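Peer 1: Let me begin by handing over the structure; questions about it come next.
Please treat every number below as a calculation from the coordinates, not as lab data. Just so it is clear, the structure is predicted and the values come from calculations on it, not from any experiment. Methodologically, a virtual Cβ is constructed for each residue, glycine included, from the backbone with ideal geometry; neighbour enumeration extends over all protein chains shown.
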Amino acid sequence: MMKKNIIATLLCAITLSIGFSSCEDMLTGDMDRHIEIDELAQDTLYSYWGILRSLQHVAERYVILGECRGDLVDGTQYVSDSINAILEFGLTGSTADGSNRFLKAADFYHVVNSCNAYLYRADTATVSGLNRPLMLSEYAQVATIRAWAYLQLVLNYGRVPYFEKPMLSTADMEDFRKAAQYIDANTLATSGVAQLVDKLRYVPTYFAGDSIRVIGYPNYYNYGRTQVIAHSSQCIFPQDVVLGDMYLLRAQGEGSEADYRLAAQHYYNFLNSEKGGPLLPNTLQGFMEKDMRTEQYQLRSGDWINMYRTRNATSKSAEIVTIIPSNTNKLWGEVLRGINELFGFEATIRVNTSTADTVTTASISLRREFEHQLDASKAYFNLNKSQNFEAYIGPEGKEVCTVLPGAGDARYWMATTTYTDYEKGAQEEATFVQKQNPGGAFTTTYPVIYRKASIWLHFAEALNGAGFPGFAFAILRHGLIGTEQWVPTEESDYSFDTFKYYDPTLATEDADTTFFATIEDLYETFQEGLDTLTTSEDSLAFISEHTGRVGLTRSQIPAPGGIVCDYISRREMEKAKGLGFLDFNTYFLRGETGNTSLDLWSGITEYGLSRRLTDQNPAGPMTMGIHQRGNGPLKILERQTTYNYVDQINKMLALYEGQEEPLTEAEIYDPNNLRTVQKAIAALILDELALETSFEGNRFFDLLTYSRFIGGTQGVERVAKKISERSGESNNALYSHLLNQSNWYFKLPM
C-alpha cells in the first residue's frame, strides 16, 4: 500500500502536465532562423523549449538543497523554520514533501514526465532539405535532461521510482504501479535512462571520419525577448558530463576501477570537445592591498567572479558550460529571486515600456537585507583563511616564494562581501554571499549547473579513483596540459629533474626505445622527416604514424615548449599509456599561451610613497591549475611552494587520517601505499571543490561521493562530522542524527 501511495501522490501531480511553451516565452528561440522546419517539427521544438522552462522550477532548489545539506552554508538568527529544517536534515522542523517551496518532488517528476512524453512523441526520422534529421539534437538533449533530473532525485531522495513511459492518464499510473521500478546511486548509471543518453552521446568530430555518427548540440542563438538573458548554448546539458557524474557516483560506492575509468572517459570526452578545453591561464588576475594597520593583505578585486555574468556562447575559451537562466520579467517567464533573497539581497523588478516603439525592457535591482536567512559558514571561512596565497617576489633570478600574510584563498574575497548596517547604527560589518550576484547586481546566468572547473575537479576524482593520484593532483597544482605530441617518460622512479622524450614509432614490445634528451631534439628530428615529404597525403600519414593523431595537419602541430608534471611517478606514466582519457595531446586539449599577473601594493613607505610590485608569470602554452585561481600564479618550473605533492599528501593524512609521522617521498610513491595516497588526494580535491565551487549547489553531491569513496561507517562519520561542525562548533545532536545515513535524504510523499 505504501508503494501505491507514493507513486500515486507523485504522479497525480504531474499527469497531463506536459510542458509546452508559448511563442512569447523568453526560452523560445528565433524561428525565423529555422524556416526549413515543418509544422510537426515546430510543435516538437516548442515542446523542447517547454522542457527547458520546466527546469526553472527546480533551478533554485538545486542550489538550496545542495548547499544547505553541506558544510559551507549556515543559518542566521533570522532563518525560517522551513529552511532550518533542511539545514538540520529534519532533526528539527519538517522536511515533509510540500512543507516548503524547495521540497516538492513532483516538480522533478514534472520534468521527467515532460521528457518522457517528448521522447515518446518526437519524430527523429523527419529530415530537412539537407537530408539530416531535424530534431535529433533536441531528442538527445531531452534524454540528457531526463537523466540529470533523475540524478537530482537520487541525490535528494536516495531511492526513487523510475519510469520511462509518459504518464498521461490514471490508467498509465495503474500500469506502472503494478510493475514499479526503483533506482538509486548504484543502479542509476546502468539504468535505461543512462543507456539512452549513451546511445545519443555527442561525439567530437574534429578529426572524425564519415563512419562516426554526429549528433550536434541545438543552437538557437540568444534567449530573451527584448533583452538577452542567456545564449542558447549555455542551456545545454552535455551528455558526457551527466554520464560522468552518474558513473562517478556509482564508482565511489562500488569501488570499481572500471567505473572510475568510465567516469574519467566521459569527462575527458567532453573536455576534449569544442565546448570543453582547458582552464585558460588568463582567468586569474588578482589585485591586493596591504592594510598598514593590520599588516595583512586583502584581495580587493578580480575577474574570477565575473564569469557568472557572461551571456556568451559556450566555447573552449568560456568557463560556463550549463546554466538554468532567469528572466527579468514574470510576463516572459520565471524570475529566479529565491537564492538572492535567502542570502540577503531583496529583488525589485522594474519594467519600462517605450511609447515610441512599444519595446518593453525590465531590470532587477537588489537591496541589502541584513535580516537574511543564510550565510557562509565559519567552516567555509576557516578553510579559505588556512590557504597560502603565494607570490614569487624579489630581484630577477632571485625571486623567493612568499606567503602573503592574511590573504588566504583569493576566491572567498570575491564570493563573499561585507556591509555595515549604518541605518540601524551597527558598528560591525556583516558578511553576505554574493556569488549569485557578482558585484551586487542581479544576473540571469545563475544558477550555474556545470562549468569547466567543476568538471575538471570531478575528472580529478575519477582519475584518483582509477589509480592516478599524481595526474589528479596535477589538475589542482598547475594544470595537466602541455603541447607536445609525444609522451614524456621519466628516467627513473624517483628522479624529478630529467625527462626523456620518445617517438612512439620507435617503441618496442619491451618499452625500450630511442630517447631524445629534450623535446626540441625530437621536434627537430620530426620536422626533418616531415620536410622530406611533398604531398599532403604523405604528410598526414607521417604525422599520424609518429604522433598517434589521425588527421592532424602541419599547421596544427604546435611548437615545443609544454612540460609535464614532475611529480607523476613512473608507475602512473606507464599505466597511462594507451588510455584514451589520459591523452592530452589532442587539438581541443591544447593549452593556450597567456600570462597571469599579480599586482601587489606594499602600502605606504616611510617616505609616504606607494610601492608597487608586479609578478608576471608567463604560463606558456599550458592550462592553469585550479588551485592557482585562489592562491597565486605558481610558477610551473618552481618547486619552492607550500602546495606540493608530498607536503599536501602529508597534510591531508594528518588532518583526515590522524597520521602522526609524515610519509617520506619514497613511501608516497610506493605502490603498496596507493590507497593511502588516494585518500589524501580525495580529501584535497574535496577541499578544492569547496574553495572553487562553493554556493553553486554541488556540495552535497561532493560530500556524498567522498563518503562513498572512503566507504563504510568511516565515510559516513567524516561527512557527518564536517556538516555538524559547519558553525565552528560541534553540534552533537546533528552529528548523531547524520550517523544514520537514511537521514541524509528527504522522504518521498506518503
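Peer 1: Express the relative contact order of the range 652-713 as a whole percentage, based on alpha carbon pairs under 8 Å and six or more residues apart in sequence.
Peer 2: Result for the range 652-713 is 30 percent.
Peer 1: Still on this structure: Determine ³J(HN,Hα), in whole Hz, for all residues of the range 462-473 in sequence, where each value follows from phi through the Karplus function 6.51 cos²θ - 1.76 cosθ + 1.60 and θ = phi - 60°; x replaces Gly and Pro.
Peer 2: 5, 4, 4, x, 7, x, 10, x, x, 4, 4, 5
Peer 1: Provide the per-residue ³J(HN,Hα) series for the range 60-67, in order, calculated from phi with Karplus coefficients 6.51, -1.76, 1.60 and θ = phi - 60°, each as a whole number of Hz, with x at glycine and proline positions.
Peer 2: 6, 6, 4, 6, 5, 5, x, 8
Peer 1: Also, quick follow-up: Long-range amide H contacts for Ile449: which residues qualify at under 5 Å (H placed 1.01 Å from N, peptide plane, sequence gap of 5 or more or a different chain)?
Peer 2: Sorted by chain and number, the residues that satisfy this are Thr322, Ile323, Ile324.
Peer 1: Which entries of Lys104/Lys165; Lys721/Lys747; Lys165/Lys199; Lys199/Lys275; Lys330/Lys452 show an alpha-carbon separation above 25 angstrom in the structure shown?
Peer 2: Beyond 25 Å between Cα atoms: Lys330/Lys452.
Peer 1: Could you calculate the FRET efficiency of Ala426 with Arg293 from 1/(1 + (r/R0)^6), where r is the beta carbon distance between them and R0 is 35 Å, rounded to 0.05?
Peer 2: So, using R0 = 35 Å, E works out to roughly 0.95.
Peer 1: In what sequence, highest mean first, do 379-390, 77-88, 419-430, 315-326 appear when ranked by Cβ atoms within 10 angstrom?
Peer 2: Per-residue Cβ counts within 10 Å, averaged per peptide and sorted highest first, yield 315-326, 379-390, 77-88, 419-430.
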